[in-house]
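**Q** This structure is in structure tokens; I'll ask about it shortly.
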Amino acid sequence: QVQLVESGGGLVQAGGSLRLSCAASGRIPGYAVGWFRQAPGKEREFVAAISWSVVKTAYADSVKGRFTISRDSAKNTVYLQMNNLKPEDTAAYYCAARYYRDYAFNGYEYNYWGQGTQVTVSS
């Protein structure tokens, strides 16, 4: 059984930075990872994703240029570096993994989910 555990969330002022981590307890051979977020009263939305090979990454337009996704396959960990945070980035952030090497933009295409970590950006 694979478990994903997010960490690194917290309270930060606008313009600040946070780095989220997503650690997998088990190994899924050749899996892609995505980050999603959900704010109160809003639908879950795609934030960023990375393929197994690390060659391909994708970002939502709202975070492009501010967030960077990366992975350390040896540590089974994916990171989301978030810079220049804005109040509208406030949400619970979830990482998800899927069995395929390429990522997907729809959360329903992911097989495993973490419990989430809260990010709050104050103005």
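Each reported figure results from applying straightforward, stated rules to the coordinates on display, with no laboratory input. Treat the numbers as computed from the prediction; the structure is a model and nothing was measured. Reconstructed Cβ throughout: ideal geometry from the backbone, glycine too, with neighbour counts over all protein chains shown.
**Q** Please go through the stretch 14-55 and pick out each residue that is within 30 Å of Ser123 (Cα to Cα) and more than 16 Å from the chain's Cα centre (by Cα).
**A** Ala14, Gly15, Gly16, Pro40, Gly41, Lys42, listed by residue number.
**Q** Among the residues of the stretch 45-67, count how many are closer than 22 Å to Gly15 by Cα and among the hydroxyl-bearing types (Ser, Thr, Tyr).
**A** Counting residues in the stretch 45-67 that are closer than 22 Å to Gly15 by Cα and among the hydroxyl-bearing types (Ser, Thr, Tyr) gives 2.
**Q** Are any residues in the stretch 6-43 in contact with a Cys (Cβ under 6 Å, 6 or more places away or on another chain) and closer than 23 Å to Pro87 by Cβ, and if so, which ones?
**A** Glu6, Trp35
**Q** Inside the stretch 25-57, can you point out the residues that are within 16 Å of Glu88 (Cα to Cα) and among the β-branched types (Val, Ile, Thr)?
**A** Correct list: Val47 only.
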